[in-house]
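The values are calculated or read from the model by the stated rules, or taken from the named source; none is laboratory data. Please read these numbers as outputs of a predicted model, since none were measured by experiment. All Cβ positions, glycine included, derive from the backbone under ideal geometry; neighbour counts span all protein chains shown.
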Amino acid sequence: MMLFAAVVVYGLVNVQIIEGKHWRDMAEELGTREVEIESVRGNIFDCKGNLLATSVPIYDVIIDAKAPGFTEVESFQQNIDSLAIYLANLFQDKSIEAYKYQLLSLRKEGKRYNVFKRKVSYRQMRALSQFPIFRLGRNKGGLILNPRSRREKPFDMLAERTIGFKQAEGNVKVGLEGFFDKDLSGKSGKHVMQRIAGGTWIPVNDELMIEAQQGKDLVTSIDINLQDVAEHALLNTLIENDADYGTAILMEVATGELKAIANLTRESQGIYQEKYNYAVGEAVEPGSTFKLISMMALLNDGYVIPADKVDTEGGEKNFCNATMKDSHLGTGVIDMQYAFEHSSNVAFAKQMARFYAKHPEQLYAHYKRLGLTEKLSLQINGVGAPVVKSPDSKSWSCTSLPWMAIGYELLLTPLQMLTVYNAVANNGVMVKPLLVKRIEQEGRAVKTFDRKVMNPAVCKPEVVLQLRSMMEGVVLRGTASQLKSGHYTYAGKTGTAVVANNRSGYKAGGKSYRASFCGYFPAENPKYSCFVMIGRPRNENYYAAKVALPVFKEIADKVYASSLYLHQELKFVMKQPSMDLPIIPNALKEDVKTILNKVQLSSHFHNDSIHEDESDWVVGMPQDNSVALEPVLLESGKIPDVRGMGARDALYLLERKGIKVEVKGMGKVRKQSLTPGSPVRKYQTIQLELS
C-alpha cells in the first residue's frame, strides 16, 4: 500500500509540476469557445426601390482532408482529375496541374482544416458544391463553407459619400451607413468552435449555433436617376474648368426630400472621385448667394423696398479702411431690384451698414430664426458646423456688417443655404432636409420619417413674393440671363466668392474662386430647388454664371424633360384642316406610312419612282397637297447619310454595316463624324451629335 501510494503521488507530481505545462497547453489547444457570427447588414434603397448598397455573400472554402472522399484511395483517384479541371475552369487563376498537385498535397498532409480559397462568390460556391468529391457533402466530401458578407454599391460612385461606409478599424462611420449603423447592423449570432491539433478552430455542430438576425433596410429619398443626372452634369463642368471640387444638391421643395447629392474631388487631371461630402460637411463663405438673406432682413424689417435707390459710388467704397468693389465698376444710383439682379456688393454693404449699425443684434436674430447659427439636424454623419458671428463676439469689427451682407466673415454649408432658398420657394415654409424616408424589416415599415417643418414662416408673405420676383429678375435680366430657358422658368441667385490662396497656379495675388448658384424651378410653381458650388476653377471664366449656372441648368433641363407633371396640359381643339405638310428627313418607310395614315395625311411616291421597292428608307417633301416620298438608296460598302434620322434608325443602319456608334445628346442626328459616301472600313467608330 505504501508503494502504491508513492506511485500515485509521483504521478500527481509528474502531471501537475514536471509535465504540467505540456498538459495545460494541450488542454487549451483542444478547448472550445463561442465565436460571434456576423449578421447580414441591411440594404439601402433609393426612393424607387433601386439598391444603393447591399451585402453580398462571400465564402471561405475549407477542405477537410480526412473526409472519406479524400481518404478512400480508389474514389479519390477516380475523381481528382475531374475536380482539378472543374476548379481551374471556375477560378481561372491556376492550371489544372497546379490544382491537382494542391489536392494531392492536402490529402498527403491529412489535415482536417485547410483554407483552400477566400472570398468566393455565391455563384462560385453553388458550383463548388456540385463538383466531384465535394458533391458528397460536408461530412463525406470534406467541403466546408464559412459564409461572410461584403458591402457593395451597385451604382459605384453615384452618391457614394452620402451612402457612406463603416470601417471596423478605428470605428470609422461615415454617411448613412454610419448614422444608421445600429439599424443596418442587425444582431450577431453565436457558434461553438473547437480547437484541434495545430491550433486550428473548426465548428462543432449546427445544433449549438444561434442564428444571426439580418439588419433593417433603409429607404432613402435619393432618386438614382436624378443622382446620375446631377453627378454627370457636375463632372463635365469640373473637367471643363479644371476645378478642384464641386457639389450639386437637388431638393424637393414641398417635402425637403433630397433627390440627389453629388460631391466630386479632383484626384488628377480629368479624374474625379466622391471623397468628401461638401454638401453636408464643408462650411464655407457663401459669397453673393447670401444676398438673398440680407435682402430678406431688409425687406422684412421694412427698411427698404425693391424700388428704393442707393448710390453705389461708381462701384467702389471704403468701410473702415477696407475697400469693397463691385465686380463691374462704374455703376451709380441704382434701385435695390437692380442691385440684387446684378449683384452689387456696394449697394448691399451700404444698406446693411446704414440700417443695422446701431442694433446689429436685430440682424443676428434674423440669422437665428433661419437656423444659420446652429448645425442642421440631419440623418447623416459629418454635418459641418456654421460660423456666424454675433455682435458680442470677440471677432466682431466695424467691417463685419458690410462684409457679412455679401456673404463673407461667416461660414455656412451648401445644404444650409439651399434650405433657406427652398423655404422662399415653398412660400416661406422652411422644411428640414430629409434623406431617409423609412426603415423597413423584411419589407414592412418599422419607422417612418415624415416631413418636418423647421419654421412655418421665415418672413412675411409679401416679402416672399418680393424675393421670388427678384430672383426671377436675376434670370430674366441679371447675372443669370445668358442661360434663361425658352421652355420653362427658373429663378435663383449667382455667387462668386474670392478665396485667399497662397498656392501657385491660380490668379495673380494668391486668389482663387468659388462659384455657386442657388435657385428653384419652375419659377411660378416651384417643385425642385438646387444648389451648385464649384471650388477653385482654373480657367479664366470663374464667374458663377459661367461655371455653376450651367450645372444647375443641365440638371433642371433633364428633370423637366423627364417629369411629365411639370409640363402644362395640352388641350386638343378641333381645327380646320391645314394644308401645312411636314418635311420628312431620312426615316424608315413603314414608320412614315404608319404615321401619315394615323394623322390622315396623304402620301405618294415622287414621279412613280422606279426605286420604290429597292429601299426601306425614304425622305418626304410637300407636293400637291400630299407628301411626296423619295426612296433613299444606300450604297453597299459606303457610309450612309444619317443626318436628320432618329437615333434608333441611325444606330440600326450604321451597326448593320459593322460600324461602332457613339451617341451624344438627344433628338435627331445633327452631325456625323464620318463623311457620307466614304468607304466603310473595319473597326471604324462614328460619333453622332444629336439635336
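Hey, does region 537-550 have a residue that's part of a loop (DSSP other than H, G, I, E, B), touching a helix residue (DSSP H, G or I) at 6+ places or on another chain (Cβ under 6 Å), modelled with pLDDT under 95 and among the polar types (S, T, N, Q)? Give the derivation first.
Initial filter on region 537-550 (part of a loop (DSSP other than H, G, I, E, B)): 537-543, 548.
Still in the running and touching a helix residue (DSSP H, G or I) at 6+ places or on another chain (Cβ under 6 Å): 537, 539.
Retained after the next criterion (residues that are modelled with pLDDT under 95): 537, 539.
Adding the requirement that they be among the polar types (S, T, N, Q) leaves 539.
The answer is yes; a qualifying residue exists.
So for region 253-261 (the condition being part of a helix (DSSP H, G or I) and surrounded by 24 or more Cβ atoms within 10 Å (Cβ to Cβ)), does at least one residue qualify? Write out each step before concluding.
At the first step, the residues of region 253-261 found to be part of a helix (DSSP H, G or I) are none.
The answer is no, given that none of the residues of region 253-261 is part of a helix (DSSP H, G or I) and surrounded by 24 or more Cβ atoms within 10 Å (Cβ to Cβ).
Of the residues that make up region 67-83, is at least one outside the structural domain of Ile439 (by TED's automatic domain parsing), under 46 Å from the mean Cα position of the chain (by Cα) and at pLDDT 90 or above? So that I can check it myself, show each step before the final result.
So in region 67-83, the residues outside the structural domain of Ile439 (by TED's automatic domain parsing) come out as 67-83.
From the residues that got through so far, the ones that are under 46 Å from the mean Cα position of the chain (by Cα) too are 83.
If we keep only those that are at pLDDT 90 or above too, we end up with 83.
Yes, region 67-83 contains a residue that is outside the structural domain of Ile439 (by TED's automatic domain parsing), under 46 Å from the mean Cα position of the chain (by Cα) and at pLDDT 90 or above.
Checking Arg107 against (1) of a type outside the set (Phe, Trp, Tyr); (2) touching a Phe, Trp or Tyr at 6+ places or on another chain (Cβ under 7 Å); (3) at positive phi, only one condition comes out false. Which one?
Among (1) of a type outside the set (Phe, Trp, Tyr); (2) touching a Phe, Trp or Tyr at 6+ places or on another chain (Cβ under 7 Å); (3) at positive phi, Arg107 violates only (3).
Which residues, taken from region 77-118, are acidic (Asp, Glu) and part of a helix (DSSP H, G or I)?
From region 77-118, those acidic (Asp, Glu) are 81, 93, 97, 109; that's our starting set.
Scanning region 77-118 gives Asp81, Glu97, Glu109.
Can you report the number of residues in region 371-400 which are hydrophobic (A, V, I, L, M, F, W, C), over 15 Å from Leu418 (Cα atoms) and in contact (Cβ under 8 Å) with a residue 40 or more places away in the chain?
In the first step, residues of region 371-400 are kept if they are hydrophobic (A, V, I, L, M, F, W, C); the result is 372, 376, 378, 380, 383, 385, 387-388, 396, 398.
Now restrict to residues that are over 15 Å from Leu418 (Cα atoms): 380, 385, 387-388, 396, 398.
Imposing the further condition that a residue be in contact (Cβ under 8 Å) with a residue 40 or more places away in the chain reduces the set to 380, 385, 387, 398.
Residues in region 371-400 being hydrophobic (A, V, I, L, M, F, W, C), over 15 Å from Leu418 (Cα atoms) and in contact (Cβ under 8 Å) with a residue 40 or more places away in the chain: 4 in total.
What single numbered condition from (1) part of a strand (DSSP E or B); (2) under 21 Å from Lys452 (Cα atoms) fails to hold for Gln379?
(1)
Sort through Asn607, Asn597 and tell me the only one that's outside the structural domain of His232 (by TED's automatic domain parsing) and either of a type in the set (Gly, Ala, Ser) or at pLDDT below 80 (or both).
Numbers: Asn597 fails: either of a type in the set (Gly, Ala, Ser) or at pLDDT below 80 (or both).
Answer to the selection: Asn607.
Gly473 - would you say it is surrounded by 19 or more Cβ atoms within 10 Å (Cβ to Cβ), over 21 Å from Leu250 (Cβ atoms) and of a type outside the set (Ser, Thr, Tyr)? I'd like the intermediate steps shown before the answer.
Numbers: surrounded by 19 or more Cβ atoms within 10 Å (Cβ to Cβ): yes; over 21 Å from Leu250 (Cβ atoms): yes; of a type outside the set (Ser, Thr, Tyr): yes.
Criteria met by Gly473.
Looking only at region 410-449, which residues are assigned to a loop (DSSP other than H, G, I, E, B) and at pLDDT 95 or above? Show your work before the answer.
Let us first name the residues in region 410-449 that are assigned to a loop (DSSP other than H, G, I, E, B), namely 413, 426-429, 432-433, 435, 442-443, 449.
Passing the criteria: Thr413, Asn426, Asn427, Gly428, Val429, Lys432, Pro433, Leu435, Phe449.
Of everything in region 75-109, what is of a type in the set (Gly, Ala, Ser) and surrounded by 12 or more Cβ atoms within 10 Å (Cβ to Cβ)? Give them in sequence order.
Start the filter on region 75-109 by keeping residues that are of a type in the set (Gly, Ala, Ser), which leaves 75, 82, 84, 88, 95, 98, 105.
Ser75, Ser82, Ala84, Ala88, Ala98, listed by residue number.
Cβ-Cβ below 7 Å, separation at least six or inter-chain, first residue in region 300-314 and not assigned by TED's automatic domain parsing to the domain that holds Arg369, second in a loop (DSSP other than H, G, I, E, B) and at pLDDT below 95: which pairs?
Listed pairs, sorted by first residue: none to list.
Could you please find all residues in region 110-122 being at pLDDT 85 or above, of a type in the set (Lys, Arg) and at negative phi?
Lys117, Arg118 - these are the residues of region 110-122 that are at pLDDT 85 or above, of a type in the set (Lys, Arg) and at negative phi.
Which one of Val304, Val284, Val346, Val280 is touching a Leu at 6+ places or on another chain (Cβ under 7 Å) and over 30 Å from Lys437 (Cβ atoms)?
Working: Val284 fails: over 30 Å from Lys437 (Cβ atoms); Val346 fails: touching a Leu at 6+ places or on another chain (Cβ under 7 Å); Val280 fails: over 30 Å from Lys437 (Cβ atoms).
Result: Val304 is the single residue among Val304, Val284, Val346, Val280 that is touching a Leu at 6+ places or on another chain (Cβ under 7 Å) and over 30 Å from Lys437 (Cβ atoms).
Are any of the residues in region 307-316 of a type in the set (Ser, Thr, Tyr) and within 15 Å of Leu418 (Cα to Cα)? Don't jump to the end; show me each part of the working.
Looking only at region 307-316, we keep the residues that are of a type in the set (Ser, Thr, Tyr), and these are 312.
From the residues that got through so far, the ones that are within 15 Å of Leu418 (Cα to Cα) too are none.
Within region 307-316 (the criterion being of a type in the set (Ser, Thr, Tyr) and within 15 Å of Leu418 (Cα to Cα)), the answer is no, since none of the residues qualifies.
All but one of (1) touching a Ser or Thr at 6+ places or on another chain (Cβ under 7 Å); (2) within 16 Å of Leu258 (Cα to Cα); (3) among the hydrophobic types (A, V, I, L, M, F, W, C) hold for Ile406, so report the exception by its number.
Every listed condition holds for Ile406 apart from (2).
How about region 249-284: which of its residues are closer than 22 Å to Ala497 by Cα, in contact with an Asp or Glu (Cβ under 8 Å, 6 or more places away or on another chain) and not charged (D, E, K, R)?
Step one: of region 249-284, the residues closer than 22 Å to Ala497 by Cα are 249-250, 261-266, 276-284.
Next, only the ones that are in contact with an Asp or Glu (Cβ under 8 Å, 6 or more places away or on another chain) stay: 262-266, 276.
Ala262, Asn263, Leu264, Thr265, Tyr276, listed by residue number.
Could you check, for region 349-359, whether at least one of its residues is touching a residue at least 60 places away in the same chain (Cβ under 8 Å), surrounded by 14 or more Cβ atoms within 10 Å (Cβ to Cβ) and not aromatic (Phe, Trp, Tyr)? Give the derivation first.
To start, the set of residues in region 349-359 that are touching a residue at least 60 places away in the same chain (Cβ under 8 Å) comprises none.
No, region 349-359 contains no residue that is touching a residue at least 60 places away in the same chain (Cβ under 8 Å), surrounded by 14 or more Cβ atoms within 10 Å (Cβ to Cβ) and not aromatic (Phe, Trp, Tyr).
Within region 287-295, is there a residue that is within 20 Å of Trp403 (Cβ to Cβ), surrounded by 19 or more Cβ atoms within 10 Å (Cβ to Cβ), modelled with pLDDT under 95 and of a type outside the set (Ser, Thr, Tyr)?
There is at least one residue in region 287-295 that is within 20 Å of Trp403 (Cβ to Cβ), surrounded by 19 or more Cβ atoms within 10 Å (Cβ to Cβ), modelled with pLDDT under 95 and of a type outside the set (Ser, Thr, Tyr).
Among (1) of a type in the set (Gly, Ala, Ser); (2) over 19 Å from Ile534 (Cβ atoms); (3) in contact (Cβ under 8 Å) with a residue 40 or more places away in the chain, where does Gly281 come up short?
(2) is the only condition that Gly281 fails.
Output the number of the condition that Gly443 fails; it satisfies all remaining conditions of (1) out of contact with any strand residue (DSSP E or B) (no Cβ under 7 Å at 6 or more places or on another chain); (2) more than 25 Å from Ile222 (Cα to Cα).
Here Gly443 meets the rest and fails (2).
With a cut-off of at least 1 residues that are more than 36 Å from the chain's Cα centre (by Cα) and aromatic (Phe, Trp, Tyr), name the strands (runs of 3 or more DSSP E) lying wholly within region 263-360. Outline the logic, then answer.
On the way: elements: 271-273, 309-311, 316-319, 322-325, 333-335.
Passing ranges, in order: 316-319.
Would you pick out the residues in region 402-437 that are of a type in the set (A, V, I, L, M), more than 25 Å from the chain's Cα centre (by Cα), surrounded by 22 or more Cβ atoms within 10 Å (Cβ to Cβ) and over 18 Å from Leu467 (Cα atoms)? Talk me through it step by step, then tell me what you get.
As a first pass, look at region 402-437 and keep what is of a type in the set (A, V, I, L, M): 404-406, 410-412, 415, 417-418, 420, 423-425, 429-431, 434-436.
The next check asks that each one be more than 25 Å from the chain's Cα centre (by Cα); those that pass are 404-406, 410, 424, 429.
If we keep only those that are surrounded by 22 or more Cβ atoms within 10 Å (Cβ to Cβ) too, we end up with 404-406, 424.
Within region 402-437, Met404 is the sole residue that qualifies.
Test each condition in (1) farther than 19 Å from Asp81 by Cα; (2) of a type in the set (Phe, Trp, Tyr); (3) in a strand (DSSP E or B) for Phe155 and report the one that comes out false.
(3) is the only condition that Phe155 fails.
Assigned to a strand (DSSP E or B), buried (at least 19 other Cβ atoms within 10 Å of the Cβ) and in contact with a strand residue (DSSP E or B) (Cβ under 9 Å, 6 or more places away or on another chain): is that true of Ala230 in this structure? Walk me through it before giving the result.
Working: assigned to a strand (DSSP E or B): no; buried (at least 19 other Cβ atoms within 10 Å of the Cβ): yes; in contact with a strand residue (DSSP E or B) (Cβ under 9 Å, 6 or more places away or on another chain): yes.
For Ala230, the condition - assigned to a strand (DSSP E or B), buried (at least 19 other Cβ atoms within 10 Å of the Cβ) and in contact with a strand residue (DSSP E or B) (Cβ under 9 Å, 6 or more places away or on another chain) - is not met.
Mind checking which residues of region 239-252 are touching a residue at least 40 places away in the same chain (Cβ under 8 Å) and either surrounded by fewer than 24 Cβ atoms within 10 Å (Cβ to Cβ) or more than 15 Å from Tyr542 (Cβ to Cβ) (or both)?
Going through region 239-252, the residues touching a residue at least 40 places away in the same chain (Cβ under 8 Å) turn out to be 240-252.
Of everything in region 239-252, those that are touching a residue at least 40 places away in the same chain (Cβ under 8 Å) and either surrounded by fewer than 24 Cβ atoms within 10 Å (Cβ to Cβ) or more than 15 Å from Tyr542 (Cβ to Cβ) (or both) turn out to be Glu240, Asn241, Asp242, Asp244, Tyr245, Thr247, Ala248, Ile249, Leu250, Met251, Glu252.
So, in region 522-558, of the ones that are among the basic types (Lys, Arg) and within 23 Å of Asn225 (Cα to Cα), which residue ends up surrounded by the fewest Cβ atoms within 10 Å (Cβ to Cβ)?
Going residue by residue through region 522-558, those that are among the basic types (Lys, Arg) are 527, 536, 538, 546, 553, 558.
With within 23 Å of Asn225 (Cα to Cα) added as a condition, the list becomes 527, 553, 558.
Details: Lys527: 16, Lys553: 23, Lys558: 18.
Among them, the one singled out is Lys527.
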